[in-house]
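Take a look at the structure below.
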Amino acid sequence: MVFRSAYLNDGSTAAKEFIVNELGVKFELDIRGSGAACLGSGVKRRVIGMQWYSHIFNEKNYETTRQTIAAFADPANYPMNFHCAVGRDRTGTTAFLILGLLGVDEETLIHEHYVSFLSEQGSNDVDEPDEFNSHIANIHGLIDGLARYSSVSTPLQEKIEAYLLRIGVTEAEIQSIRSILLEE
C-alpha cells in the first residue's frame, strides 16, 4: 500500500516500470517541495515542501506537515510512494508520524529510522560517527517534541495524534488513515 524511497529520478526505466506496473503505485507524494516527476505522467503526483524532525513543531511548518499527513487519508492515493531527496529526513519524519499513529512502538520506530542509513544515498553524508549520531539525536528530538502535546506517560501514538489534531489534521483523516492501513 505504501512505499518509501529516496527520489527516483536517477532510477532506471526498468525500476520505475516495476514500481508502476508490478507494485501498482498510482500516487507519488514528493515532499521535497520541488523537482521533476519521478514515476511518469500516468502516476498522480503531489509536491509538498515538508520540513523534518523538530522543525515540524514550528508553527510556520504546520500546514505542510498537515498536507503531507492528509495525503495518506485519501483512499484514491493508494498504492503510493512517498519520498524526499535522500529518503531519510523528511521521509523518515513522515514515516515516523504515520507508523506511530498506527500504533507502532517507539523502539521499532527508532529502528525503522536506522534503516534510512543503509542505502548508498542515505549514508552519503554520515561517513563520520559524529554526523550519524547527530541524525540519531534528531529522531530523539522528534520524540521529545511530541511530549509537549500530552503528559510524559501518554503512549506515543496518542502524542502523535494530539500533535496532528493540533496542526489541523482532522479526526476523520486520522480514522481514514487507520482504516486504510490497519487490518482488522
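Select from the chain the helices, each a whole stretch of DSSP H, whose alpha-carbon atoms run 27 Å or more along the helix axis and whose Kyte-Doolittle mean is at least 0.5; answer none if there are none. Qualifying helices, which must be both long enough and hydrophobic enough, do not occur. Accessible surface of ASP105, taken over heavy atoms with a 1.4 Å probe and every protein chain present, rounds to 80 Å².
Take every pair of alpha-carbon atoms less than 8 Å apart whose residues are at least six positions apart; their mean separation over the length of the chain yields a relative contact order of 25 percent. The base-10 log of I(q)/I(0) for the chain, evaluated at q = 0.10, 0.13, 0.16 Å⁻¹, reads -0.38, -0.66, -1.01 [Debye formula, identical scatterers on Cα atoms, solvent excluded]. Averaged over its residues, the chain has an accessible area of 49 Å² per residue, based on protein heavy atoms and a 1.4 Å probe.
Comparing mean-square fluctuations of LYS159, LYS60, LYS26 from a GNM of the chain with C-alpha springs under 10 Å, the top value falls on LYS60.
The values are calculated or read from the model by the stated rules, or taken from the named source; none is laboratory data. If you're wondering where the values come from, they're calculated on a predicted model, not measured in any experiment. The area values use the complete protein model at the heavy-atom level, side chains included, leaving out ligands, DNA and RNA. Shrake-Rupley method; radii C 1.70, N 1.55, O 1.52, S 1.80 Å.
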